[in-house]
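Structure first, commentary second.
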Amino acid sequence: MTPPAGWLDLPPDTGFGLENLPLGVFSGTADDRRRVGVAVGDHVLDVSALDVPGRAELGTGSLNAFLAVGRPTWDALRDRVLDLLTDPVHRAVVEPHLHPRAGVTLHLPIEVADYVDFYSSQHHAENLGRILRPGAPALTPNWRHQPIGYHGRAGTVAVSGTPVVRPHGQRRVAGAAGDDAPTFGPSERLDLEAEVGFVVGVPSEPGRPVAASDFAEHVFGVCLVNDWSARDLQAWETVPLGPFTGKSFLTSMSPWVVPLTALEGARVDPPERDTELLPYLRDDGLRWGLDLTLEVRLNGEPVSHPPFAAMYWTPPQQLAHLTANGAALRTGDLFASGTVSGPEPGQLGSLIELSANGAEPLTLADGSRRTFLEDGDEIVLSATAPAPDGTRIALGEVRGRVVGVTPERAG
Ligand code: CA
């Protein structure tokens, strides 16, 4: 499994070593043309310029064309890139196509077809249940029987670094004067949700459910997702039909998509389930829990380390459920895990949990306190996974800074 040491000098503990080789879309070297690159060390390798499998699809401006061709070509490209970066005979041909990552612009890697957001952390679902439905059972009766999810807004999925313009909407503050009348204005409870996203490459036919065991034939890889959430808008609108304007203003995605193949060393058994599952959701032996460790930084300060291995529902189960009714997959579909929260206080993936719904503000290193996000706050999500050779694979990061009310809206 361990690849030979390449001719490249890789920075120690890069996270973007030869075990990783994630794909993204970049521009800004000789011209502004968007093409597919592979992150390696502090560089991006312009694979669209090299004689590699799938080359015709790599210069199209997004990953979609390449993702549609399927696993044999995904794996062939990976093998070829590994060969190019290790065998010194290729060095003279490859080196001109390695560009410092600091000098390129990274773009949204996929044209997002459909976006689905799940709710697969039992700890998160129970925490939110206790906050939003006090006195009722923490989990709804369906939660242990199916991966709960909803369709989000594909058109507002944006790449890491996109400003988070504070959303406006309807909210009603219980206990405030005029309690019954909602008001319209900027969200006062803007939150993050630390999530892991799965990118679909190979489509499926309408009417033909995808089995959990076919997960790796359809899904190319993994990214990080921040599902920004306006809790005040969400609380007022969610019953009876689910999340809408409290979520649809922006979802941020990391620029590098890590191939499933790179995560072989991170596969673990999911947690013990205490409920018998319907046959289409059984994932015995698939072992698609993933030992990813996420980090949430607020203005540079780590505030949480959510463990993805604690997720109750695995991505193959999510895929099986979202196609169980015959809904077809399209290339570029993105489905996210839902907020990743673990059982410990330092493992919560949202501020509504970290601040106990605003009742217990976090105190930051500079002495300031936070319940929800303030204008100017920056959230950076990152994650690493174990590689088979004992090093760590980086999933990169997804970054976003909150921008306050724009003058035209304030006016
Ligand atoms: Ca979410």
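What follows draws every value from the coordinates through simple rules; no lab data is involved. Quick caveat, the model's predicted, so the values are computed rather than measured. Cβ sites come from the backbone with ideal geometry, for glycine too, and all protein chains shown count toward neighbours.
Computed values, structure above
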{"read-out": "Hey, THR183 free of Cβ contacts under 8 Å to residues at least 24 places away in the same chain, touching a helix residue (DSSP H, G or I) at 6+ places or on another chain (Cβ under 9 Å) and surrounded by fewer than 16 Cβ atoms within 10 Å (Cβ to Cβ) or not", "value": "no"}
{"read-out": "Selected residue (criterion: farthest from the ligand (Cβ to nearest atom)) from residues of the range 115-145 that are assigned to a loop (DSSP other than H, G, I, E, B) and buried (at least 18 other Cβ atoms within 10 Å of the Cβ)", "value": "TRP143"}
{"read-out": "Test set (1) in contact with a Leu (Cβ under 8 Å, 6 or more places away or on another chain); (2) surrounded by 17 or more Cβ atoms within 10 Å (Cβ to Cβ); (3) of a type in the set (Asp, Glu) - GLU301 fails condition number", "value": "(2)"}
{"read-out": "Residue check for ASP83: under 26 Å from PRO386 (Cβ atoms) and surrounded by fewer than 17 Cβ atoms within 10 Å (Cβ to Cβ)", "value": "yes"}
{"read-out": "From PHE249, PHE198, residue being under 30 Å from HIS43 (Cβ atoms) and within 16 Å of the ligand (Cβ to nearest atom)", "value": "PHE198"}
{"read-out": "Matching residues, the range 4-32, being in contact with a Ser or Thr (Cβ under 8 Å, 6 or more places away or on another chain) and aromatic (Phe, Trp, Tyr)", "value": "TRP7, PHE26"}
{"read-out": "Counted residues, the range 367-407 - those being free of Cβ contacts under 8 Å to residues at least 12 places away in the same chain, under 26 Å from ALA230 (Cβ atoms) and of a type outside the set (Lys, Arg)", "value": "2"}
{"read-out": "Selection status of GLU111, of a type in the set (Asp, Glu), away from the ligand (no atom under 15 Å from the Cβ) and not in a helix (DSSP H, G or I)", "value": "yes"}
{"read-out": "Residue check for GLU264: surrounded by fewer than 19 Cβ atoms within 10 Å (Cβ to Cβ), among the acidic types (Asp, Glu), over 19 Å from the mean Cα position of the chain (by Cα) and away from the ligand (no atom under 16 Å from the Cβ)", "value": "no"}
